[in-house]
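Participant: Dropping a structure here in C-alpha cells format, bear with me for questions.
The values are calculated or read from the model by the stated rules, or taken from the named source; none is laboratory data. Please read these numbers as outputs of a predicted model, since none were measured by experiment. For neighbour counting, all protein chains shown are included, and Cβ atoms are generated from backbone atoms with ideal geometry for every residue, glycine included.
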C-alpha cells in the first residue's frame, strides 16, 4: 500500500492493514513462500518528517535449520520509525552527502510517499530468529544417512571417536 505524505492530515492518520500475503523476496533457504501479515499503524507529522508507530503480527513458513522440515513461525512486534523527505528533494540537486551519526536513525523518502509493504517486510525480516528451529528439542538429521531423527532412530552405528581424543572425555 502506498501512502502519499501530502494526504496525511495534521492530526495524523490511523491505518489498519488486514491479514494479507507479503512477498519477502529471496529466501536464501530460510523460508518457503510469502508471509501472512496484518498491521496497525499511526502516521503523524513531526517537523519536516513523519513518525510512524505500530504493531504487526504474521505467520511465515520457515525451514528448520536442524532437520530441514518446514514449520509455521508466528511473529509479532512493535515498530517506531522516523522518516524525512530525501536529501535530493531537500537540496534540490543530485549531489552526494555523507551521513552523520544522527542521520542513521532516519529513513529517507525519495518520492513523497511511504510503501507499507517495504516497511513491514523490513520489520518481519528483523524479527526472524538467527537459527530457526521447528521445536526447541529438534534432533536434526543423522550425520551418516541424513534421516530425520525426529521421526525415529535411523539404525546407524554411532561414529567411533578418534582414540587420540578419548583423553578429552575425562575433562568433564
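Participant: If I ask for residues that are in a strand (DSSP E or B) and either outside the structural domain of residue 112 (by TED's automatic domain parsing) or in contact (Cβ under 8 Å) with a residue 60 or more places away in the chain (or both), which ones from the stretch 2-30 would you list? Outline the logic, then answer.
Facilitator: Here is the first cut: in the stretch 2-30, the ones in a strand (DSSP E or B) are 2-4, 13-22.
Listed by number, the residues that qualify are 2, 3, 4, 15, 17, 22.
Residues checked against (1) surrounded by 15 or more Cβ atoms within 10 Å (Cβ to Cβ); (2) under 17 Å from residue 115 (Cα atoms); (3) in contact with a helix residue (DSSP H, G or I) (Cβ under 9 Å, 6 or more places away or on another chain); (4) at pLDDT 95 or above:
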| site | (1), (2), (3), (4) |
| --- | --- |
| 21 | no, yes, no, no |
| 24 | yes, yes, yes, no |
| 29 | no, no, no, no |
| 60 | yes, no, yes, no |
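Participant: What strands (runs of 3 or more DSSP E) completely inside the stretch 70-172 contain at least 3 residues that are at pLDDT 90 or above? Lay out the reasoning, then the answer.
Facilitator: Numbers: elements: 70-85, 106-109, 113-115.
By residue number, 70-85.
Participant: In this structure, is residue 52 assigned by TED's automatic domain parsing to the domain that holds residue 106, modelled with pLDDT under 95, assigned to a strand (DSSP E or B) and surrounded by fewer than 20 Cβ atoms within 10 Å (Cβ to Cβ)? Lay out the reasoning, then the answer.
Facilitator: On the way: assigned by TED's automatic domain parsing to the domain that holds residue 106: yes; modelled with pLDDT under 95: yes; assigned to a strand (DSSP E or B): yes; surrounded by fewer than 20 Cβ atoms within 10 Å (Cβ to Cβ): no.
When the stated conditions are applied, residue 52 does not pass them.
Participant: From (1) surrounded by 13 or more Cβ atoms within 10 Å (Cβ to Cβ); (2) farther than 30 Å from residue 145 by Cα; (3) modelled with pLDDT of 90 or more, pick out the condition that doesn't hold for residue 67.
Facilitator: Tallying (1) surrounded by 13 or more Cβ atoms within 10 Å (Cβ to Cβ); (2) farther than 30 Å from residue 145 by Cα; (3) modelled with pLDDT of 90 or more, residue 67 fails exactly one: (2).
Participant: Give the residue, chosen from 161, 126, that is free of Cβ contacts under 8 Å to residues at least 60 places away in the same chain and outside the structural domain of residue 73 (by TED's automatic domain parsing).
Facilitator: When all the criteria are applied, what remains is 161.
Participant: From (1) at pLDDT 90 or above; (2) more than 14 Å from the chain's Cα centre (by Cα), pick out the condition that doesn't hold for residue 35.
Facilitator: (2)
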